[in-house]
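Where a number appears in this text, it was derived from the coordinates with a stated rule and is not lab data. Since we're looking at a predicted model, the values are computed, not measured. Neighbour counts run over all protein chains shown; Cβ positions are idealised from the backbone, glycine included.
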Protein chains: 2
Amino acid sequence: MDRTTHVDQHTSQRYSAELEGLRSSVLSMGGLVEELCRQALEALVRGDAELARKTVKADSQVNEMELNISAQCIDILARRQPAARDLRMVVGIIRMVANLERIGDEAAKVASMARKLADDRDRQTYLSEPKHLGDGVSAMLRGALDAFARLDVEAAIDIIARDPEIDREFKTLTRLLMTHMMEQPQRVKNMLRVNSCARALERIGDHAVNLCEEVIYLVDGNDVRHLGVEEIKLRHRGG
Amino acid sequence: MDRTTHVDQHTSQRYSAELEGLRSSVLSMGGLVEELCRQALEALVRGDAELARKTVKADSQVNEMELNISAQCIDILARRQPAARDLRMVVGIIRMVANLERIGDEAAKVASMARKLADDRDRQTYLSEPKHLGDGVSAMLRGALDAFARLDVEAAIDIIARDPEIDREFKTLTRLLMTHMMEQPQRVKNMLRVNSCARALERIGDHAVNLCEEVIYLVDGNDVRHLGVEEIKLRHRGG
């Protein structure tokens, strides 16, 4: 093997290692965001104000990870000038970390409402629906991160297909809260807080969909944002 | 001038024209998004269900512009391999169009609530605060787009500094709506709709801040996301 080939091979190995490092950074960030969602939900259901406080505070780590990973992406774009699938991977990751950061923000909102609701003795009467919604979006988030880890387009499509059910659940919950408020006006304040939690959870579902759209983009090269799930299936399975 | 220099110069002129074209596409998309916000607010205040319906429908144009501009950005990254400030411009634009698209979504939400509120004869009794909030965030959006057009970091910082006032206004409005709901439970449904409008407007303010952070990044190279406005001023003016 001559010297040039050796150097080339070395460079190419380092480049692959950099891209691999980038992917595992995204998965670490995803893991932290998942954990924050889990904690926020637990704090809400158990009325644990201390856990809620910790969860709000931990969101700053997510923000830091976003900045670090974005900087790594730009550095790779500048030094390596990636093409084709590698370029899509880097651009996809730039958008994915922005979504993960917003999921962290929404989890922090849930936690902040959980802290305010912790003193409500009637908590158990209205938390089973938000808990169910929260479990649904947490599963979507986990599925989106798995789809990214395995670069699995079929799995990503299956997650996207779950979002309409989340939206329906959110609407049903809003109507339920509205009825509570009309019947017991003294509970308006806390019902509005529960509604804020539900809305934040519903947004986490939307962001999980965005993550899945990026997975499809970086594997297939199809930008499927703003398409319905049926159209996405056609483009992927038909192409 | 020899032939190579001539070709180089020609290529470089085309490259500059491409970047310039990209910037003006973002400004066109921004102009459309601004117009949707204006229309959504007008539909809300005037109770104009037809204008509301048109505004919801026009959001798909915004989505299309996002896809087109993103594709242009990736194409430039692949063919031109931009460096330094040009690279920051392209990456900044990828993130900016995602924000503009979300502003379009929020404007569509306001419009969709406006349609549902159009029949309420008491509309005038509760719309002056949302109108004021909407005017505030519209001004922030306009300011953010101007700052981008002129690549003016000082102007971007001034817009970011306005956001806490918007957040305060949103909180005050939520408290006011809460009082209405407790005093007149039969109005809960519509007050929740007004609250959704207010929340969407507050988000538009957040996205305007994100746009300004991108302007600072692409001019200065400082990633100022998650910093307070005082820290941003220090980094910019001190650096």
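For region B:113-169 and region A:76-125, what is the centre-to-centre distance using only Cα atoms, to the nearest Å?
25 Å
Report the net charge of residues surrounding A:Ala155, where surrounding means a beta-carbon distance below 15 angstrom and charges are Lys +1, Arg +1, Asp -1, Glu -1.
-3
Rounded, prolate or oblate: which one fits region A:1-157, using the alpha carbon gyration tensor with axes a ≥ b ≥ c (rounded when a/c is under 1.5, else prolate when a/b beats b/c, else oblate)?
Prolate shape, in that a/c is at least 1.5 and a/b is the bigger ratio.
Using +1 at the C-beta of Lys and Arg and -1 at the C-beta of Asp and Glu, which of A:Tyr217, A:Ala111, A:Thr5 has the Cα lying farthest in the positive direction of the dipole of region A:3-236?
In region A:3-236, that residue is A:Ala111.
Compute the signed sum of charges (Lys and Arg +1, Asp and Glu -1) over the other residues within less than 10 Å, Cβ to Cβ, of A:Ala108.
Residues near A:Ala108 contribute -1 overall.
Suppose every K and R has +1 on its Cβ and every D and E has -1 on its Cβ; what is the size of the dipole of the protein assembly as shown about the Cα centre, in Debye to the nearest 20?
860 debye
Any idea what the dipole of region B:1-129 comes to, in debye rounded to 20, about its Cα centre with Lys/Arg Cβ at +1 and Asp/Glu Cβ at -1?
In debye, rounded to 20, region B:1-129 gives about 140.
Assign one of three labels to the protein assembly as shown, namely rounded, prolate or oblate, based on the Cα gyration tensor with a ≥ b ≥ c the square roots of its eigenvalues; rounded applies when a/c is under 1.5, prolate when it is not and a/b is larger than b/c, and oblate otherwise.
prolate
To make sure I understand the rule: partners must be aspartates and glutamates, Cα under 18 Å from the Cα of A:Lys54, and not fewer than 8 residues away in the same chain. Which ones qualify?
A:Glu34, A:Glu35, A:Glu42, A:Glu64, A:Glu101, A:Asp105, A:Glu106, A:Asp119
Give, rounded to the nearest 20 debye, the magnitude of the charge dipole that region A:3-236 has about its Cα centre when Lys and Arg contribute +1 at Cβ and Asp and Glu contribute -1 at Cβ.
520 debye
For the protein assembly as shown, what does -39500 (n - 2.57) per DSSP helix run (n ≥ 4), summed and divided by total residues, give at 222 nm, in deg cm²/dmol to the nearest 500?
-30500 deg cm²/dmol
From the Cα gyration tensor of region B:86-157, with a ≥ b ≥ c the square roots of its eigenvalues, which class applies: rounded if a/c is under 1.5, or else prolate if a/b is larger than b/c, or else oblate?
Oblate shape, in that a/c is at least 1.5 and b/c is the bigger or equal ratio.
Which one, A:Pro82, A:Gln186, A:Gly143, projects farthest toward the positive side of the charge dipole computed for chain A from Cβ point charges (K/R +1, D/E -1)?
A:Gln186
Students often forget the sequence filter, so: which lysines lie under 16 Å Cα-Cα from A:Lys131 once same-chain residues fewer than 8 apart are removed?
A:Lys109, A:Lys171
Per residue of region B:82-89, in order, report the coupling 6.51 cos²θ - 1.76 cosθ + 1.60 (Karplus, θ = phi - 60°) as ³J(HN,Hα) in whole Hz, putting x for Gly and Pro.
Once rounded to whole Hz, the list reads x, 10, 6, 5, 5, 5, 5, 4.
Mind checking the angle between helix B:188-220 and chain B's longest principal axis? C-alpha axes, 0 to 90 degrees, to the nearest 10.
Taking Cα atoms only, the helix is inclined about 20 degrees.
Can you tell me, using C-alpha contacts under 8 Å and at least 6 residues apart, the relative contact order of region B:3-236 as a whole percent?
25 percent
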